[in-house]
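**Student:** Got a structure for you, written out below as structure tokens; questions coming shortly.
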Amino acid sequence: MLDRFKVPKEDQIRISQDSLRASVTAIFKKMGLESEDAANGADVLVTADLRGIETHGVSNKMADYVRMYTSNEINPRPEWRIVRESPGTAVIDGDRGLGIILGNKAMSLAIEKARSVGVGIVTIYNSAHLGAVGHFSMQAANEGMVGMCGTALGLGILPTYGAVPRLGTNPISIAAPAGDEPPLLFDAATSAVAGNKLRLAARVGADLLPGWVASKDGTPIMENAPVPEPGEYHMLPIGGTREQGSHKGYGFGMMVEILATMLSGVLPNMVDPSAKARHYFAAYDIAAFTDLDNFTSNMDQMLKTLRETKPAPGHDRVLYPGLSEFEDEQERRANGIPLHQEVVEWFDDLTGKLLVPRLVRM
């Protein structure tokens with residue numbers, strides 16, 4: 001994550017990951033979730049924070065989830081069901097369940113099918129926010145598979161040349177295991193900047209870069225600018241402008257709609273604004289394609305070659321997707337997760353009201 005989005009050191013409070021996990025689990029249980037679901041939801045959020053993906057950790061999402069549960073916008077105990085199934089595929093009606101809870105179940109089913117027939121693909125509709133899609137791709141990678149995950153929700157992104165938002169940020173991810181190298185994990189929104197990063201930028205007072213957002217009439221803003229007021233801007237696809245490749249980000253966003261929405265048999269938000277979130281999970285059993293040891297050895301050689309690439313002037317090193325997140329996780333497990341003091345204050349207030357474990361400072 002770019003430094004501009006990180007919590008300034010003077011505003012950081014380091015929190016034990018075990019403490020954060022316990023508090024989040026307890027809060028979810030107070031929202032009506034079963035113990036296993038509460039623990040799985042906490043794992044998704046805390047893992048995001050450990051890996052430095054603060055856009056999808058507790059800082060940005062926990063308050064949203066609490067609000068959605070208390071307003072009955074989402075179902076704490078969904079009776080999700082498989083509505084169509086084959087040996088390698090399934091479509092799930094999520095019964096308004098939160099995606100970070102249902103995602104573990106869906107990817108587990110995809111992994112089970114992949115072990116049987118080589119590839120497993122599961123889609124979900126009638127759900128809610130999925131969190132960091134890379135979490136579920138890594139779930140497959142940890143089982144010796146290549147994992148993919150994507151999600152489609154909401155309207156905030158302009159199509160190239162458009163003045164009306166037609167897509168969500170529609171993130172997509174892929175994860176693959178290696179041997180000695182940290183695994184590859186690519187997880188990115190198909191918008192020029194992830195929506196939750198705008199919230200982080202506003203919190204820490206960071207400017208937005210040219211080509212990230214457009215004015216209300218669809219004109220890309222091509223200079224550094226503070227985060228506009230809500231309703232005063234639209235977000236742009238990856239590339240920002242057609243000259244810089246926005247048609248590619250637009251196309252990637254449509255790709256997620258095909259995989260998550262159309263394969264679920266439902267309409268996207270651009271056609272049906274009441275449509276809830278749609279998700280896509282895929283697991284590719286490496287052993288069905290090649291020997292796992294051969295695959296991980298080849299991955300090691302590729303990732304090591306990338307990591308040892310000579311850096312351009314002004315840069316210390318070359319990274320590959322997932323490397324910096326792996327390093328952040330090692331550091332934060334040892335030294336705590338740096339949360340913004342405003343987030344810690346919110347937790348202190350809520351845990352006091354709910355009579356659940358408070359966060360422990362390190």
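**Student:** Can you give me the number of residues within region 87-145 that are over 20 Å from LYS61 (Cβ atoms) and part of a helix (DSSP H, G or I)?
**Tutor:** Of the residues in region 87-145, 12 are over 20 Å from LYS61 (Cβ atoms) and part of a helix (DSSP H, G or I).
**Student:** Considering only residues of region 85-124 that are out of contact with any Phe, Trp or Tyr (no Cβ under 6 Å at 6 or more places or on another chain) and charged (D, E, K, R), which is surrounded by the most Cβ atoms within 10 Å (Cβ to Cβ)?
**Tutor:** Restricting to residues being out of contact with any Phe, Trp or Tyr (no Cβ under 6 Å at 6 or more places or on another chain) and charged (D, E, K, R), the top hit is LYS113.
**Student:** Here's a follow-up. Quick one: would you say ARG14 is more than 27 Å from SER264 (Cα to Cα), in a helix (DSSP H, G or I) and either touching a His at 6+ places or on another chain (Cβ under 8 Å) or modelled with pLDDT of 95 or more (or both)? Spell out the reasoning first.
**Tutor:** Numbers: more than 27 Å from SER264 (Cα to Cα): yes; in a helix (DSSP H, G or I): no; either touching a His at 6+ places or on another chain (Cβ under 8 Å) or modelled with pLDDT of 95 or more (or both): yes.
Judged against the criteria, ARG14 is not a match.
**Student:** Select from region 190-244 the residues that are of a type in the set (Ser, Thr, Tyr) and touching a helix residue (DSSP H, G or I) at 6+ places or on another chain (Cβ under 8 Å) and write down the one among them that is surrounded by the fewest Cβ atoms within 10 Å (Cβ to Cβ). Break it down into steps so the answer makes sense when it comes.
**Tutor:** As a first pass, look at region 190-244 and keep what is of a type in the set (Ser, Thr, Tyr): 190-191, 215, 219, 233, 241.
From what is left, the residues that are touching a helix residue (DSSP H, G or I) at 6+ places or on another chain (Cβ under 8 Å) are 190-191.
Values: THR190: 26, SER191: 30.
Here the residue is THR190.
**Student:** Go through (1) more than 29 Å from VAL266 (Cα to Cα); (2) in contact with a Lys or Arg (Cβ under 9 Å, 6 or more places away or on another chain); (3) among the hydrophobic types (A, V, I, L, M, F, W, C); (4) in a loop (DSSP other than H, G, I, E, B) one by one and return the number of the condition MET222 breaks.
**Tutor:** With (1) more than 29 Å from VAL266 (Cα to Cα); (2) in contact with a Lys or Arg (Cβ under 9 Å, 6 or more places away or on another chain); (3) among the hydrophobic types (A, V, I, L, M, F, W, C); (4) in a loop (DSSP other than H, G, I, E, B) applied to MET222, the lone miss is (2).
**Student:** So, in region 29-57, how many residues would count as being at pLDDT 95 or above and β-branched (Val, Ile, Thr)?
**Tutor:** 3
**Student:** Please go through region 252-279 and pick out each residue that is surrounded by 17 or more Cβ atoms within 10 Å (Cβ to Cβ) and either in a helix (DSSP H, G or I) or among the aromatic types (Phe, Trp, Tyr) (or both).
**Tutor:** PHE252, GLY253, MET254, VAL256, GLU257, LEU259, ALA260, THR261, LEU263, SER264
The values are calculated or read from the model by the stated rules, or taken from the named source; none is laboratory data. Not measured: the values here are computed from a predicted model. Note: ideal-geometry Cβ built from the backbone for every residue, glycine included; neighbour counts use all protein chains shown.
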